[in-house]
1. Quick one: order LEU184, LEU73 by neighbouring beta-carbon count within 10 Å, fewest to most.
2. Tally Lys and Arg at +1 and Asp and Glu at -1 over the other residues with C-beta under 14 Å from the C-beta of ASN301: what net charge comes out?
3. Mean 1/r over all different Cα pairs, inverted: what Kirkwood radius does the range 183-261 give, in Å?
4. Using 0.36 nm per residue of separation minus the Cα-Cα distance, give me the extension gain between ARG298 and ASP130 in nm, one decimal.
5. Sorted from fewest to most neighbouring beta carbons within 10 Å, what does the list PHE338, PHE22, PHE238, PHE80 look like?
6. Dividing the Cα radius of gyration by the Kirkwood radius, what Rg/Rh value follows for the range 8-146?
7. So, with +1 on the Cβ of K and R and -1 on the Cβ of D and E, and no other charges, what is the size of the charge dipole of the chain about its Cα centre, to the nearest 20 debye?
8. Measuring from centroid to centroid over Cα atoms, what is the spacing of the range 155-195 and the range 111-152 in Å?
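Any read-out appearing in this document is the output of simple, stated calculations on the displayed coordinates, not a laboratory observation. Since the model is a prediction, treat every value here as computed from it, not as a measurement. Note: ideal-geometry Cβ built from the backbone for every residue, glycine included; neighbour counts use all protein chains shown.
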Amino acid sequence: MAVQAPKKILIICTRRLGDVLFTTPLVHTLHHHWPKTRIDLLVFKGTESVLKANPEIHQTLTIEERPKLRAHLRLIQSIFQVYDYALATLPSDRAILYAFLAAKKSIGVLARDKQWWWKRYLLSKAILFDNDHTHTVLMNLRLAELLQLKALPDVRLHWTRSDCQRVLEAVRFDKIPKLAVLHLFPKFVYKAWSYRAWCALAAHLQQLGYTLAFSGDQADQAQQRVDALIDTLPKPAFNLVGKMSLSQLAYLLNGSQLYIGPDTVVTHMAAALGIPTIALFGPSNPVKWGPWPKTWNRLMNPYQRQGSQQQQNVYLVQGPGYCVPCLEEGCQRHRNSFSRCLEQLSVQQVIAAIATLTQTNEATQFTVQY
C-alpha cells in the first residue's frame with residue numbers, strides 16, 4: 001500500500017557541504033511524488049548555501065556544528081512534533097535524536113555500533129548505513145524507498161537572476177568560447193593536488209586556447225597563491241577565489257566548457273551540471289564520494305573503488321599507489337597532512353584525461369618538467 005502524502009517532511013543532514021548537496025535527489029524524489037508536501041531541511045550553519053534558490057525546499061533550518069546547550073534547546077523547541085516524517089540521512093546521535101523529536105514518524109540509517117540499540121528504538125523505520133560500498137546519493141534515496149517511492153537520482157542546483165547578473169559582471173563567459181574553471185584548494189589539505197602541478201596544467205590549458213577562472217573559498221592564502229600562479233601565466237586569468245557564492249559559482253560552471261578540481265563540493269556541482277569534469281581523487285573512496293554524473297539515472301554506483309575511470313561527463317583520475325584509496329586523512333592521518341598519491345599524480349595523466357573527456361588529441365603536446 002502506498003504511503004499517503006504527508007503535509008510536512010524534515011530532512012536532516014548535519015554534515016559537510018557535499019553531504020548536503022547529495023540530499024537534493026532525495027528532496028527531488030519527495031517533491032516529484034508529493035508536490036504539495038512541505039519539505040524542510042536541517043543542516044549545519046554554513047552548508048545551507050548549496051541549497052539556495054531550490055524551489056523544492058520550503059525552508060532550511062541551521063544549527064552550529066558545536067552549538068551551546070541553549071541553541072540545541074531552541075532548535076528542539078522549534079521543530080518538536082512539527083512534522084509528519086523526519087528523515088535522518090546520517091547515523092549520528094544528533095541526526096537521529098532530532099528526527100525522533102521532530103516528527104510523528106522518524107526514518108533513518110543505522111550503523112552497527114554500540115549505540116545501535118537505542119537509536120533503533122527512536123526510529124519508526126531504519127536501514128543499515130553502508131559507508132563503503134554504496135554511493136551517498138543512493139544511500140539517501142533508500143530512505144525514499146522506505147516510503148515506497150520510486151527513487152530519482154538527480155543532483156540539482158539552482159541560482160537566482162541576481163546570481164546571473166553578479167557572475168556576468170565578473171566574467172562575460174557568454175563571450176568566451178573555451179572557459180575552464182580550476183579549483184585548486186579543497187577545505188582539507190589531504191585532498192589537495194600539487195601546487196606546482198596546477199601551475200604547469202594552467203599554462204598548458206592556456207596553450208590549448210582555454211580562458212581560465214579559478215574558484216575557491218575566502219581563505220586569504222588561497223587568493224594570494226592563485227594570484228601568484230596567474231602572474232606566471234602568459235595570458236590573463238580570472239581569480240574568483242572568495243568572490244562568489246555557491247549559487248553564483250553554479251551559474252558560472254553551467255556556462256563553462258571544462259572543470260578540474262579535487263574531491264570537493266564544487267567538483268560535485270560541476271559533474272551535476274553536466275560539463276566535462278576532471279575529478280582528482282586520492283584517499284577518498286570513489287564508490288562513496290565520486291561526483292555524480294549529470295545523466296546517470298541508474299540506481300547503482302557509477303564508480304569502482306580503484307583505478308582512473310570515466311562515467312559520462314566525469315573523468316575521475318585516481319592517484320597511484322597500492323594503498324589507494326586508503327580512506328584516511330592524508331599520509332600522516334590528519335586533515336592538514338599531504339597525500340602521497342595526490343602528490344605523485346602527474347600532469348600528463350590529467351591532460352590525457354582531458355583529451356579523452358573532450359575527445360581531442362592534445363595529450364601528447366605536454367613535455368614541460370615541473
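1. Details: LEU184 23, LEU73 11.
Result, fewest neighbours first: LEU73, LEU184.
2. Working: positive: ARG142, LYS288, ARG298, ARG305; negative: ASP130, ASP132.
It works out to a net charge of +2.
3. On the way: mean 1/r = 0.0771 Å⁻¹.
Value: 13.0 Å, from the Cα pair sum.
4. Values: separation 168, 0.36 × 168 = 60.48 nm, distance 1.83 nm.
Extending this stretch completely gives an extra 58.7 nm.
5. On the way: PHE338 16, PHE22 27, PHE238 20, PHE80 11.
Ascending Cβ contact count within 10 Å gives the list PHE80, PHE338, PHE238, PHE22.
6. Values: Rg = 13.8 Å, Rh = 14.9 Å.
Using Cα coordinates only, the ratio equals 0.93.
7. On the way: 41 positive and 25 negative charges, 220 e Å.
Using Cβ point charges on Lys, Arg, Asp and Glu, the chain gives about 1060 debye.
8. Taking the Cα centre of the range 111-152 as reference, the centre of the range 155-195 is 33 Å away.
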